[in-house]
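What follows is a single structure, written as structure tokens, with notes after it.
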Amino acid sequence: MEIILKNGDKLNVEVGTTCAKAASAISDGLARAAVAAKVNGKLVDLCTVLNDGDKLEIVTLKDKEGLEVYRHTCSHVLAQAVKTVFPTCNLAIGPVIDNGFYYDIDFKTPITQDDFVKIETEMAKIIKSNIAIKRFELPRDEAIQLMTKYNEKYKVELINDLPEDSVISFYKQGSFTDLCRGPHLPSTGKIKAFKLVSIAGAYWRGDEKKKMLTRIYGVAFATKDEMKAYFEMMEEAKKRDHIRIGKEMKLFALLNEGKGFPFFLPNGMVLKNTLVDYWRDLHKREGYVEIQTPIILTRNLWENSGHWEHYKDNMYTTKIDGEDCAVKPMNCPGGMLVYKLEPHSYKDLPLRVAEMGLVHRHEKSGQLHGLFRVRCFTQDDAHIFMLPEQITDEIKGVVRLTDKIYKQFGFKYKVELSTRPEDSMGSAEDWDLATSALQKALDEMNIEYEINEGDGAFYGPKIDFHLQDSIGRTWQCGTIQLDFQMPQRFDLEYVGEDGKKHRPIMIHRAIFGSIERFIGILIEHFAGKFPLWLAPKQVKILPITDRTSEYADKVCAALKEQGIRAEVDARSEKIGYKIREAKMEKVPYVLVVGDKEAEEGTVNVNKRGVEEKYSATLDEFVETAVKEIAQKINF
RNA sequence: GCUGCUAUGGCUCAGCAGGUAGAGCACGUCCUUGGUAAGGACGAGGUCACCGGUUCAAAUCCGGUUAGCAGCUCCA
């Protein structure tokens, strides 16, 4: 019979030939590198028997799928090892993740990281024995019988929940058999580099109400070198951790006295204010007006907006003169009240109303994390009130503005479209209309996005922008939410061309999302090496001897005159020492001034990240610095 | 909130097996005025997160509380 290879070549093989055998017929090198195969586009085990006319593709560890198969087998080796070391435990599930794998296991007595040595030793033994991995399939009742025999209650539950027509397959390696869809490596000996890294709790089936199992995380790579490179990269990434840099650079403080409420220190305030100034300038140009609404408003208002019903557990409440009040978790109801203060004409729309709003949300204690997740933060919020025919253009405008701002910092981002959640308000028609409006804007702008089913706000669907932190976790920053509900609830209206009253449509949007979170991401993105326009300390002037400290003061004054954040380090320390300190502070420009410079009216410029130093007149340096700040050049 | 781990001078960390604390950096004083990533000497600074228990004796062992970290769940 004949099979077709990836490159289109045809190969004659005997009936009953496996993928592995076919691979070795193509080339010995490829056969040895093979870890799985793709038959007619479907990923399968190497032992899969080919049929006449099948299209065969060999998968190696160089392929993404190949590495996944490899990591998947690692998780099974982990399971086998754990079963050997702790025979009474019950296995749940063990999938592949970025860089590795995990397995959720129900232990009779809790284990700790100290047990990793035992487990890893057992895994190494399994790998060394190079046990063949065999697939077999069973009908449902036999599958349940088998897993019941092994006392694997979680597996029985999984089998019971599989759809009627699904194939129930098992993989057997030695005495160990596990329910699995596969595919797997042909034998355990192919695993070259793995390590167990951490242990954590995880709810069975991701449900908070179900039992918490123990999850063992591991990483696995095709070679030991790749694994080493991974650990080195993780070490580097940890050095970028915003909590650590925030402390080192005295940007902010997290204190026991205010759990989830960060303190901003002078350096951090420079960052925050600079971002706000940039934001405000940009929004003025984009036709926004700015308001500020109160932090505490009556409970009545929150009931009216629907927040009370959907969100009261996360709101801080208080009583003022006997009246129930709540601290705002969002700015919109305040914005609605402002809209209602006066009648609006269709000629006024779109109305773009921005607010740097300080909101408070009672996040559960375990969710708090540095500046990424806090209980009090500043939203760069805006509400856009508009006519139905303005929806697409307004959304596009916000997407463009978001892109512009993210690009300014050199961020790459991911876009998600979140649709109607279960717990939501409003009619299906409104939701469809709103969702397709968002989708239309994204499609027309040729923006790639993922759909996040059921993850919208309770009042409307949304477009979310996600940025990545230094160890690859993503955080939602920007958001554009289309809302038909608030205008209705607050009975907003405008007078149309026809002289009749109509309901405006509203967008909620934020670009930084939370200034605090955005600052956290900025810190990690730049590893604390902020571009000149953002740097808390922009220029440091270092006199070589006490003789030149007067000239240093003069240079500093000239820079301050131009609004540049400059300071002199006049301590009687050696120049090398002062340079080292300034560099560790990540100051963009360090100016060294000695007798020569004082005499010539120049400065010796040390630019961060640049080995060569150069001499410039004071005026020349001021000019370049002013220009770099004004143009917000990143370096 | 749940599971696990952690908590020692301003910072980064030692303190292995219980006998009332150490280092480096930072800080202060003095000497050194030195041309591009750490000059030298001396000094000050900690009831070892908090509360309780075991013990003749607890930073060290046990329990609880608080806070942080990793993950889970949640995030209008």
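The values are calculated or read from the model by the stated rules, or taken from the named source; none is laboratory data. Quantities reported herein were computed from a predicted structural model and do not represent experimental measurements. A quick note on method: Cβ atoms are made from the backbone with ideal geometry, for glycine too, and the neighbour counts reach across all protein chains shown. Remember, those area values only see protein heavy atoms, side chains included, never the ligands or the DNA or RNA. Shrake-Rupley method; radii C 1.70, N 1.55, O 1.52, S 1.80 Å.
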Breaking point among (1) assigned to a loop (DSSP other than H, G, I, E, B); (2) away from RNA strand B (no atom under 14 Å from the Cβ); (3) within 18 Å of A:Gly218 (Cα to Cα), for A:Glu68
(1)
Are there any pairs, at least 6 apart or on different chains, whose C-beta atoms fall under 8 Å, with the first in segment A:288-314 and closer than 18 Å to A:Ile384 by Cβ and the second part of a loop (DSSP other than H, G, I, E, B) and of a type outside the set (S, T, N, Q), and if so, which?
A:Thr293/A:Lys328; A:Ser305/A:Phe490
Working only within segment A:7-32, note down all residues that are open to solvent by 100 Å² or more (accessible area, probe 1.4 Å) and assigned to a helix (DSSP H, G or I).
A:Lys21, A:Arg32
Within segment A:570-601, of all residues that are open to solvent by less than 10 Å² (accessible area, probe 1.4 Å) and not basic (Lys, Arg), the one nearest to A:Ile245 (Cα to Cα) is A:Val587
Restrict the check to segment A:547-555 and report whether at least one residue is within 12 Å of RNA strand B (Cβ to nearest atom), in contact with a Pro (Cβ under 6 Å, 6 or more places away or on another chain), touching a residue at least 12 places away in the same chain (Cβ under 8 Å) and open to solvent by 30 Å² or more (accessible area, probe 1.4 Å).
yes
Would you check which residues across segment A:183-199 are within 29 Å of the chain's Cα centre (by Cα) and small (Gly, Ala, Ser) and list them?
A:Ala193, A:Ser198
Of everything in segment A:446-503 that's among the aliphatic types (A, V, I, L, M) and in contact (Cβ under 8 Å) with a residue 60 or more places away in the chain, which residue is farthest from A:Ala354 (Cα to Cα)?
A:Ile471
When you scan segment A:266-327 for strands (runs of 3 or more DSSP E) that lie fully inside it, which ones turn up with 3 or more residues that are in contact with a Pro (Cβ under 6 Å, 6 or more places away or on another chain)?
none
Answer yes or no as to whether A:Glu235 is within 13 Å of RNA strand B (Cβ to nearest atom), part of a helix (DSSP H, G or I), free of Cβ contacts under 8 Å to residues at least 60 places away in the same chain and over 30 Å from A:Asp161 (Cα atoms).
yes
For A:Ala200, state whether it is open to solvent by 20 Å² or more (accessible area, probe 1.4 Å), in contact (Cβ under 8 Å) with a residue 12 or more places away in the chain, within 16 Å of RNA strand B (Cβ to nearest atom) and not β-branched (Val, Ile, Thr).
yes
Could you grab me the full set of residues in segment A:186-195 that are open to solvent by less than 60 Å² (accessible area, probe 1.4 Å) and part of a strand (DSSP E or B)?
A:Ser187, A:Ala193, A:Phe194
If a residue has to be of a type in the set (S, T, N, Q) and surrounded by fewer than 16 Cβ atoms within 10 Å (Cβ to Cβ) to count, how many in segment A:36-84 make the cut?
2
Pick out the one residue from A:Ile291, A:Ile295 that is within 30 Å of A:Gly246 (Cα to Cα) and at pLDDT 95 or above.
A:Ile295
In this structure, does A:Val359 turn out to be of a type in the set (A, V, I, L, M), within 25 Å of the chain's Cα centre (by Cα), farther than 30 Å from A:Asp498 by Cα and in a helix (DSSP H, G or I)?
no
Filter segment A:441-460 for residues that are open to solvent by less than 40 Å² (accessible area, probe 1.4 Å) and either touching a Leu at 6+ places or on another chain (Cβ under 6 Å) or of a type in the set (Asp, Glu) (or both) and give the result.
A:Gly460
Matching residues in segment A:482-499 (over 16 Å from A:His310 (Cβ atoms), within 34 Å of the chain's Cα centre (by Cα) and among the acidic types (Asp, Glu)) number 0
Residues of segment A:489-536 being open to solvent by less than 10 Å² (accessible area, probe 1.4 Å), in a helix (DSSP H, G or I) and out of contact with any Gly (no Cβ under 8 Å at 6 or more places or on another chain), which ones?
A:Ile515, A:Glu516, A:Phe518, A:Ile521, A:Leu522, A:Glu524
Say we look at segment A:239-288 and pick out the residues that are on the phi > 0 side of the Ramachandran plot and at pLDDT below 95; which of these is least open to solvent (accessible area, probe 1.4 Å)?
A:Gly260
So for segment A:406-417 (the condition being open to solvent by 10 Å² or more (accessible area, probe 1.4 Å) and in a helix (DSSP H, G or I)), does at least one residue qualify?
yes
